[in-house]
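Notes for the one structure printed next.
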Amino acid sequence: MAGQDWFEKDFYSVLGVPQNASAADIKKAYRKLARLHHPDANPGDKGADKRFKEVGEAYAVLSDSEQRQQYDAIRAMSRGGARFTAGGGGGPSAGNGAGFEDLLGNLFGGGMPGGGGMPGAGQQRVRYTTGGGAGAGTGAGGRGGAESPIFEDMLNGLFPPGSAGGHRSPRGPMRGGDLNAAATLTFRQAMEGAQLNLRVDDPQAGLRTITARIPAGVRDGQKVRLRGKGKMSDVGGEPGDLWVTVSVEPHPIFTLDGADVRITVPVTFPEAVFGTEVEVPTPDGARVKMKVPAGTPSGRTLRARGRGVKTAKRTGDLLVTLQVAVPQRVDGKAREALKTFAENTAGENPRADLFSRLDDNRPT
């Protein structure tokens, strides 16, 4: 934050605490206001969002003892009304200059930044002003006024670039930590996506209700990351993330495989031999007819395109695995027919290729 900002903002008023408030009182006030103005509690309210950021900014400074001391010092300059001016030791603004010198002496151990102490009798005296009006003098090289380079040089001396109170900071306030939660979805919710209200215990803001959008096609055991829904920062930074571990209730006939949905459909032996058309249920409650080619082996998978999970990247398919059903009992004419079939196919060995492939891979 630039030093000039500290002249213009009253962080104590933002948090509603007196200037001599303790660190505990400042933290308590911040937590109360952060909960009140948090974006999750005020969806679509730009005023609350702005207020939330102001509260975080104020807490970032006042919660840090070093930054708070620097802020108080800069605010003391603003109230002192001293001026930058070049001239002798006297003049109408000499009294204000003395107060500024005392302040700098406290900050830098009795000397100006860079050493050398305050100028004595006969030396050029530089005074400070919060305004650049006609009454403001010029410093060395003709520079003067609150917005002049000498003002910037002085602030850089007070707060070196990259420090917490300086003009440039390579990184902002530290973000909040991450939170963890768990959610159980039905198969349909996992397939289509769901919006859930989760109760999460935030150490900074207490128990919170968070609206979580779970994407379509989530897997059982998958962790979903919700950015900005985690712990609130102690120092006014961005909130952390919320990680939701998802459990998916099993479905009696469907399973998820990424964006695809799988189902196993039984067929009879004659259907597999001669071919047929079967009716298959789909996850959305409809039915689709699929052709089973003649001579289909058990375990073959057919595909119904576009009947799976619809995601932003793609739409999955329904994968239908055929399983030849073997009857537990065969009686009467069916039994006699099966015996005849067995006699007529006795010379066939479906396992012959299995052993030949094993022989081909034996070491020589």
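The values are calculated or read from the model by the stated rules, or taken from the named source; none is laboratory data. What you see is a predicted model, and the numbers here were worked out from it, not measured in a lab. In this analysis, Cβ positions are derived from the backbone assuming ideal geometry, glycine residues included, and neighbour counts consider all displayed protein chains.
Below, the figures for the structure above:
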item	result
Qualifying residue in the range 205-215 (condition: part of a loop (DSSP other than H, G, I, E, B), modelled with pLDDT under 85 and either among the acidic types (Asp, Glu) or more than 15 Å from residue 249 (Cβ to Cβ) (or both))	yes
Single condition residue 59 does not satisfy, out of (1) touching a helix residue (DSSP H, G or I) at 6+ places or on another chain (Cβ under 7 Å); (2) outside any helix (DSSP H, G or I); (3) under 30 Å from residue 229 (Cα atoms)	(2)
Test result for residue 224, more than 30 Å from residue 36 (Cα to Cα), among the hydrophobic types (A, V, I, L, M, F, W, C), at pLDDT 90 or above and not in a loop (DSSP other than H, G, I, E, B)	no
The range 45-56 residues that are in the same structural domain as residue 34 (by TED's automatic domain parsing), paired with ones that are β-branched (Val, Ile, Thr) and surrounded by 17 or more Cβ atoms within 10 Å (Cβ to Cβ) (beta carbon under 6 Å, 6 or more apart)	54/14
Answer from 268, 276, 245 - the residue that is surrounded by fewer than 16 Cβ atoms within 10 Å (Cβ to Cβ) and either within 30 Å of residue 338 (Cα to Cα) or free of Cβ contacts under 8 Å to residues at least 24 places away in the same chain (or both)	268
Hits in the range 156-192 - residues which are at pLDDT 55 or above, out of contact with any strand residue (DSSP E or B) (no Cβ under 9 Å at 6 or more places or on another chain) and surrounded by 17 or more Cβ atoms within 10 Å (Cβ to Cβ)	173, 175
Unique residue being outside the structural domain of residue 187 (by TED's automatic domain parsing), exposed (fewer than 10 other Cβ atoms within 10 Å of the Cβ) and within 19 Å of residue 251 (Cβ to Cβ) when the list is 285, 332	285
One residue from 306, 295 being surrounded by fewer than 16 Cβ atoms within 10 Å (Cβ to Cβ) and either over 39 Å from the mean Cα position of the chain (by Cα) or part of a strand (DSSP E or B) (or both)	295
Residues satisfying the stated conditions in the range 193-204, i.e. crowded, with 17+ Cβ neighbours inside 10 Å and in a strand (DSSP E or B)	194, 198, 200, 202
Search result, residues across the range 206-233 that are in contact (Cβ under 8 Å) with a residue 60 or more places away in the chain and over 17 Å from the mean Cα position of the chain (by Cα)	206, 216, 217
Scope the range 33-55; condition exposed (fewer than 15 other Cβ atoms within 10 Å of the Cβ) and among the basic types (Lys, Arg); matching residues	46, 50, 53
Members of the range 311-343 found to be at pLDDT below 90 and closer than 26 Å to residue 284 by Cα, listed by number	311, 312, 313, 314
